[in-house]
Amino acid sequence: MRGLIPLLAFLALIVLLAVSILRGNSDQLSYKFLNEPFPEFELTELYDETRSVDQALIRGEITLVNIFGTWCTPCKAEHPKLVEIGETENLRLVGLNWRDTRDRAKSWLAQLGDPYDFVIYDRMGELVIAMGATGAPETYVIDAQGIIRYKHVGMVTDQVWAETLQPLIRQLESE
Amino acid sequence: MIAELGHILLITAFVIAILQAVLPLWGAHKGNTVLMQFGSRAALLQCLAIIGAYGALTASFIGFDFSVLLTAEHSHSATPMMYRITGVWSNHEGSMLLWVLILGIYGAMIPIFGKHLPPSLKARAIGIQGLLSAGFLSFSILTSNPFERLIPAAYEGAGLNPVLQDPAAAFHPPFLYLGYVGFSLSFAFACAALLEGKVDAIWARWLRPWVLLSWSFLTVGITLGSFWAYYELGWGGWWMWDPVENVSFMPWLAGAALVHSILVLGTRGSLPSWTVLLAITTFSLSLIGTFVVRSGLLTSVHAFAVDPERGLYLLVLLGLYTGLALALYGWRANALRAHDRFEPLSRSGALVLNNLLLIVTTVTIFIGTFYPVIIKGVFDDDLSIGRPYYAITFVPIMILLILIMGVGPLLKWERDSTAQLKSIILKLVPVLVLAFALFLIMGQSWLAALGLAVGIYLFVGTLLVVWSRRKILRQQSAAFYGFVFGHVGLAVMTLAITLFTSGQTDDLKRLRPGESLIVGPYEYQLKDLTQGSRDNYVYTAAEIMVLKDGQAITPLISEARNYRTRNMDDGQGNWTTEVGFDLGAKDTIFATLSEWDGESAVIKAHYHPFVIWIWIGALLIALGGFISLADRRLRFQPIDESEVS
């Protein structure tokens, strides 16, 4: 019987892993900065090279920070939803443009609509790395105290918005 | 045409693998020689078919066949030759094809080098290897077909992801796979031995070189990955306890235990059932590594082509293979008898203790990696485990392990006296205490002093073994020199890790040309900001002069590169950084360029003492493994039974 112990331990593990993978949503798993303050940074604004932006601008109200790049196809796909959120919600929406050129990002936003209150231009991914992001698009919910409360990996779809992000924002508003 | 040929060859390999799995196993069960011999030919044929398929994909990368979806997505007519070849495995589908290719090649090694193996053992091992191949070939064909066509064909490809256009990144996957997949032989032979009901010195001696080879390749693969993440991804550290790093480290630890326990089995005939369990565990951990990285269960730089369906398929394969092997183990392990017993106070005893510590370490890392996954997946609760967890679990176990590593090799194999142990301790403990005191006096923290003292202790302990055999060094086997390199390598790593961790520092500042930033003992002065173009990218470069005590030491050039060939839609590409490095024997200094305009740039400067010795130490460990392979006792020849006992 003792010989069966490794098998039983392994089967238990497989069941747990299967449950994890079937229930999906592994976004938060390895995210180390959850419930941590938004990282410090010093970068420039997309439209205005001379305007410097830092973490103080993320504080004070509930903020959505959305990482995007014009090279990222899913970003293009999720963009109409962000535009819709920008129009209907009373919420600060901050764009974080990653690995792009200013010109290309500006024309991309001109074409698809710009829902952002301001756009951080992070050409080398300095802030993106500091945030512990793994790719684009990713969307972060930051509370009024500047604490990262949620990270969503992948597109913000109607479902993600209705089931996850909007309820969380409502909850933060009532806090 | 050539893509279709590749696809057909891949399917052919799958059909052969199924026959290779079924017929020899049945033959071995019934004692039918013809069926058993069929296995050898099938393993060779299957290997050739996969080589053909792999060649076909490589040809479409080299020849820019943009009608193949994978080529169109990951190559470009301006990609240099080397990255056209390595581009094949820079994506999920090609990477899995490389995986099955290496599996096929290792499988073919059984008929090629196993001429003198007992026929039924050989047939069973080949059959199990066929079973593994069949599973992973079906995964490749059904979920990750690398030969999918793009209709209509693209005029131009998207280009290889620029962060992968780097030698360390390019060769990290093949080395890692040569390690991971090499353990399939351990797995196949473990299962074959369980079916045979017999594990002996012949088994261990045939298998040991393959374990050593796989483990050494894995060491190189992890080292390359660590080095690449350090200087290309700019993680600023050599090891982050990131889950993807951990999943490659676990088979390494289990493999290290296996390398040692199979040595005891091969020379002394002890530990058969433990060794078999380790062999199964090591390959299963490799499968878990593949599963985690390929399923996207953990998000990381490797999570290209995340797809839950693929993840589930791999999980089923993992559950099937490891589950069946462990069931077989539970059923048959009692049949495996040790030929020889040893006293706890002996070299074998020390090896057993180290084996246990290695497994405890593996379990510790396993918990750190998977506990948050399972808590999230099952209870929907968030929890993260980071560096502090590993600092309080991994570090103490490693220190204990190294303390035993200093003593063990000085003991006799089967039994030794307490007087001998006392004399070893009397030599080594003063070294430990003196070194510790000395480093404390030199101003190191007590933890750093302990790390350094332990490193020196292991170094001295290993040299004592060499010293004790100084008159007969020429007669020593290759395995002996392998041991020396391996253990000295770990001593070097321990020292380097400690010196790096206690001494590193960094800082960042916006600089105009002429201004400077001081980090550690160095001053970084920005000389110039320039722009230009080269090969397939344009760049902005910061020229930085590094000074120490007012003397110019070395110039550093940090670049931001824009590869034109990614995203051809508007002729603008992605930015990547090329870090200005000065990789020194003592100090490594580097500076990155993060944001700039015409007049100034934000420069982040790092001071990393002794970091290079971490990788040198790791490569010494791998070298030790490769040297051990030359041992004449491990030659592939019929084994004289009298020599064994």
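The values are calculated or read from the model by the stated rules, or taken from the named source; none is laboratory data. Computed from a predicted model, the values in this text were never measured in an experiment. Ideal geometry is used to build each Cβ from the backbone, glycine not excepted, and the neighbour counts take in all protein chains shown.
Values as computed for the structure displayed
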item	result
Segment B:83-99 residues that are farther than 14 Å from B:Tyr177 by Cβ, paired with ones that are in a helix (DSSP H, G or I) and among the aliphatic types (A, V, I, L, M) (beta carbon under 7 Å, 6 or more apart)	B:Tyr83/B:Ala170; B:Arg84/B:Ile62; B:Ile85/B:Ile62; B:Asn91/B:Leu70; B:Glu93/B:Leu70
B:Phe394, sole failed condition from (1) among the aromatic types (Phe, Trp, Tyr); (2) closer than 18 Å to B:Ile497 by Cβ; (3) in contact (Cβ under 8 Å) with a residue 60 or more places away in the chain	(3)
Within segment A:40-61, considering residues that are within 11 Å of chain B (Cβ to nearest Cβ) and of a type outside the set (A, V, I, L, M), the one surrounded by the fewest Cβ atoms within 10 Å (Cβ to Cβ)	A:Thr50
Subset tally (residues that are touching a Leu at 6+ places or on another chain (Cβ under 9 Å), at the interface with another protein chain (Cβ under 10 Å from one of its Cβ atoms) and modelled with pLDDT under 60) for segment B:545-580	1
Qualifying positions in segment B:48-92 - aliphatic (A, V, I, L, M) and touching a strand residue (DSSP E or B) at 6+ places or on another chain (Cβ under 7 Å)	B:Val68, B:Leu69
Scan of segment B:529-538 for residues that are farther than 21 Å from B:Ile589 by Cβ and not β-branched (Val, Ile, Thr), ordered by number	B:Gln531, B:Gly532, B:Ser533, B:Arg534, B:Asp535, B:Asn536, B:Tyr537
Residues of segment B:581-617 that turn out to be out of contact with any Pro (no Cβ under 7 Å at 6 or more places or on another chain) and not in a strand (DSSP E or B), as a count	14
Complete set of residues in segment B:523-564 that are over 34 Å from the mean Cα position of the chain (by Cα), hydroxyl-bearing (Ser, Thr, Tyr) and surrounded by 15 or more Cβ atoms within 10 Å (Cβ to Cβ)	B:Tyr524, B:Thr540
Subset of segment B:487-510 [buried (at least 22 other Cβ atoms within 10 Å of the Cβ) and touching a Ser or Thr at 6+ places or on another chain (Cβ under 8 Å)]	B:His487, B:Ala491
Check on B:Thr58, among the hydroxyl-bearing types (Ser, Thr, Tyr), surrounded by 24 or more Cβ atoms within 10 Å (Cβ to Cβ) and either farther than 25 Å from B:Ser286 by Cα or in contact with a Pro (Cβ under 9 Å, 6 or more places away or on another chain) (or both)	no
Residue pairs meeting the criteria (Cβ under 6 Å; at least 6 apart or on separate chains; first touching a residue at least 40 places away in the same chain (Cβ under 8 Å), in segment B:179-195; second charged (D, E, K, R) and buried (at least 24 other Cβ atoms within 10 Å of the Cβ))	B:Ala192/B:Arg124; B:Leu195/B:Arg124
Any hit, segment B:390-409, residues being surrounded by 14 or more Cβ atoms within 10 Å (Cβ to Cβ) and within 14 Å of chain A (Cβ to nearest Cβ)	yes
Answer residue from segment B:19-54, given it is β-branched (Val, Ile, Thr) and more than 29 Å from the chain's Cα centre (by Cα) and is nearest to B:Gly104 (Cα to Cα) among those	B:Val22
Segment B:349-388, residues that are over 23 Å from A:Val19 (Cβ atoms), without any contact (Cβ under 8 Å) to a residue 24 or more places away in the chain and within 14 Å of chain A (Cβ to nearest Cβ)	B:Pro388
Every pair of residues 6+ apart whose Cβ atoms lie under 6 Å, when the first sits in segment B:536-549 and is hydroxyl-bearing (Ser, Thr, Tyr) while the second is buried (at least 16 other Cβ atoms within 10 Å of the Cβ)	B:Tyr537/B:Arg561; B:Tyr537/B:Asn562; B:Tyr537/B:Tyr563; B:Tyr539/B:Glu559; B:Tyr539/B:Arg561; B:Thr540/B:Ala560
Residue list for segment B:478-512, restricted to those being assigned by TED's automatic domain parsing to the domain that holds B:Lys604 and without any contact (Cβ under 8 Å) to a residue 40 or more places away in the chain	none
